Every structure is written in C-alpha cells, then in structure tokens.
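J.: The structure that follows is given in the form of structure tokens.
Quick note: the coordinates plus some simple rules give every number you see, no bench work behind them. Predicted model, so just to flag it, every value in this text is computed and none were measured. Please note: Cβ atoms are built from the backbone with ideal geometry, for glycine as well, and neighbour counts cover all protein chains shown.
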Amino acid sequence: MAMLEVKDLNVYYGLIHALHDVSFSVEEGEVVALIGANGAGKTTTLHTITGLLQAKSGSVVFEGQDITRKPGHAIVRLGMSHVPEGRRVFANLTVAENLRMGAYTRPKSEVAASLKEVYEWFPRLEERKNQAAGTLSGGEQQMLAMGRAMMSKPRILLLDEPSMGLSPLFVGEIFKIIEKVSSAGTTVLLVEQNAKKALSIADRAYVLETGRISKSGNARELLNDDAIKKAYLGE
Ligand SMILES: Nc1ncnc2c1ncn2[C@@H]1O[C@H](COP(=O)(O)OP(=O)(O)OP(=O)(O)O)[C@@H](O)[C@H]1O
Ligand SMILES: [Mg+2]
C-alpha cells in the first residue's frame, strides 16, 4: 500500500462541487507533483488531506490509517506537515519563534537539534533568527514556512505553491531545498502552477483540471507530453 492513498474524493463549497472523484497516491520516498491552473482544486485537495476541509465522500489513508475525518492537529502528530499557500508566517514573532511553533508536537528535548538541522538547510534563516518574520522578503518567508513545517519532523511534507510570487533566483533555491529534503528521507507532495519546475524535480505527477484528475504519469514523460507542453509549459 502507498504511503498516502487518496480515493474518490468529492468536496463541495456549498453548492459548488470543487473536487470530483479525485484519486491519487504517493509512495514512500517519492516526490509527487500535483499541477493545475488557477482554481483547478489544488489547495482544496491539500486542505481535505490535512483535515482543514471535510470531504462529502471518499477517503484519505496515510500509512494505513484512515485520516479522512481526523482533525488537523491529530494528522500533524501522525507525521504529515503542510506548508500553506501564501506562507502564513506569524508576522510579529521572530524567525526563531516561528520555527519553535512548528515543533509543538515534539518533545522539548529534541527541538534544539531540529532547529540546528533547519538552519543548515536555510542559512539565511539563522542569519535572521531574531528578525520579525513580517519583515522578511517573500522568498525568505517561504523558507521560514518550509522550515517551520520541517520542525515537526514530518514523514511527508505537503507544499502548496512554494514558488508563487518569487523571483527566479529564489524559485531555484526553494526547489533545491525541496530536493534536499527529499534526499534526507522526507516524502513530498508538491502542488504547483509552475509545472516546468515541479515536473523537473518530481518522480511522478498528476494533472488536476477543474476538480478532476485528467492525466498522470512519470514526470519526465509528462515534461515531453505535447498536450502538457501546450497547456502548462507555454511551449
Ligand atoms: N472558500 C471557498 N468558497 C467557495 N468556493 C471556493 C472556496 N475556496 C475555493 N473555492 C473554489 O473551489 C475551486 C478550487 O479552488 P482551489 O483554491 O482549490 O484552486 P487552486 O487549484 O488551489 O487554485 P490556485 O492555483 O489559484 O491557488 C475554485 O473554483 C474556487 O473558486
Ligand atoms: Mg491554490
């Protein structure tokens, strides 16, 4: 069985049917990308997995446990961490305080070691550890949001458009860190509009189109797929 199994999810906002029988899976150790245009349902999918939204039908199974109706905090304790769209750092807290918040499920004795590990991934955060998070640049805030998510020592990391609004230089840096996090043993589910970047680091990918999975496959193959090139890669 896959590490994460999403099966036949149907999600509504009132009368709006946002997800239609969405099914996909993530194997342990993989980087899986979920790509799609604005409003395709990417964030809705992540919110349903992490317990922020309730599905009308369908199921989410994580490492053999049905988490479909579990609340978000219980899901974090099982080893799933979510970097939300738009970062959502605590603007008035310092960088170090934000990172410590990410470790709320961990024993106190382990926090210092995790902080050290996060600072190794993100030297910029260590340089700015006493700075208020609201004064960081967009790219630095994205790093902080990722670092904060890693402080819970997740088995799987869910990223919602980490490249959004960043300069090409920062996008490159963020994607390098995703690869490092993956090499260090964390499984990754990556939601992106930047399909080119996402497909270039992912093992497999799914395409979400108006709430439905329209295509899936090996990421390298999708990079060379004519319909994908035309619709998502601007070629
Ligand atoms: N709170 C809400 N109330 C009503 N409709 C919503 C709500 N949130 C999202 N939707 C609708 O659900 C659909 C999917 O939205 P979602 O945010 O999941 O898309 P997305 O793929 O993440 O898009 P983007 O790339 O712009 O972030 C859209 O049609 C959106 O308008
Ligand atoms: Mg979104």
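J.: Based on the alpha carbon coordinates of segment 30-107, what radius of gyration and maximum Cα-Cα distance (Dmax) apply, in Å?
T.: Calculated on Cα positions, Rg and Dmax stand at 14.3, 41 Å.
J.: Distances over 18 Å make up what percent of all Cα-Cα pairs in segment 106-235? Write out the running numbers ahead of the final one.
T.: Details: 4856 of 8385 pairs.
Roughly 58 percent, once rounded to a whole number.
J.: Over segment 124-170, what lengths in whole Å, largest first, do the semi-axes of the equivalent ellipsoid take, defined as the square roots of 5 times the eigenvalues of the alpha-carbon gyration tensor? Walk me through the numbers before you get to the answer.
T.: Working: eigenvalues 66, 50, 12 Å².
They are 18, 16, 8 Å, listed from largest to smallest.
J.: Treating each Cα of segment 58-168 as an identical point scatterer and ignoring solvent, apply the Debye formula and state log10 I(q)/I(0) at q = 0.15, 0.21 Å⁻¹.
T.: Computed log10 I(q)/I(0) values: -0.64, -1.12.
J.: Using θ = phi - 60° and the Karplus curve 6.51 cos²θ - 1.76 cosθ + 1.60, what whole-Hz ³J(HN,Hα) does each residue of segment 196-209 get, with Gly and Pro shown as x?
T.: With coefficients 6.51, -1.76 and 1.60, one gets 4, 4, 4, 5, 6, 10, 7, 7, 9, 8, 10, 9, 9, 10 Hz.
J.: Quick check: the angle from helix 168-183's long axis to the longest principal axis of the chain, C-alpha only, nearest 10 degrees?
T.: Rounded to the nearest ten degrees, it is 90.
J.: In Å and from the alpha-carbon atoms only, list the Rg and Dmax of the chain.
T.: Every Cα atom of the chain included, Rg and Dmax give 17.2, 52 Å.
J.: To continue, here is another question. For segment 117-222, build the charge dipole from Cβ charges (+1 Lys, Arg; -1 Asp, Glu) around the Cα centre, then report which of Leu166, Pro123, Ile213 sits farthest towards its positive end.
T.: Selected residue: Ile213.
J.: Assuming R0 = 41 Å, what is the FRET efficiency of Ala227 and Lys70, from their Cβ-Cβ distance, to the nearest 0.05? Don't skip to the end; give the middle numbers.
T.: Numbers: r = 37 Å, r/R0 = 0.90.
Once the sixth-power term is evaluated, E becomes 0.65.
J.: Top mean-square fluctuation among Thr210, Thr135, Thr48, Gaussian network model of the chain, C-alpha springs under 10 Å?
T.: Checking each option, the largest mean-square fluctuation is seen for Thr135.
J.: Helix 111-121 sits at what angle to the longest principal axis of the chain, using alpha carbons and giving 0 to 90 degrees rounded to 10?
T.: Result, in degrees: 70.
J.: A further question on this structure: How far is helix 138-150 tilted, in degrees, relative to the longest principal axis of the Cα atoms in the chain, given as a value from 0 to 90 rounded to the nearest 10?
T.: Orientation of helix 138-150: about 90 degrees from the principal axis.
J.: If you don't mind, there's one more thing I want to ask. Label-point separation (nm) for Ser200 and Leu93, each offset 7 Å from Cα along Cα-to-Cβ?
T.: The two pseudo-label positions are separated by 3.4 nm.
J.: Continuing with the same structure: Can you pull the three principal axis extents for the Cα set of segment 172-235, in Å, largest first?
T.: 33, 23, 18
J.: Might you report the magnitude of the Cβ-based charge dipole of segment 105-235 about its Cα centre, with Lys and Arg at +1 and Asp and Glu at -1, to the nearest 20 debye?
T.: Roughly 320 debye for segment 105-235.
J.: Further, regarding this structure: Testing the spin-label approximation: label points 7 Å from Cα along Cα→Cβ at Ser183 and Tyr13. State their distance in nm.
T.: 3.9 nm
J.: While we're here: Principal axis extents for segment 23-75, Cα atoms only, whole Å, descending order, please.
T.: Dimensions of segment 23-75 along the principal axes of its Cα atoms: 30, 27, 20 Å.
J.: On a straight-distance basis, which aspartates and glutamates could pair with Lys229 in a cross-link, Cα separation under 17 angstrom, same-chain partners fewer than 8 positions away excluded?
T.: Glu192, Glu209, Glu221
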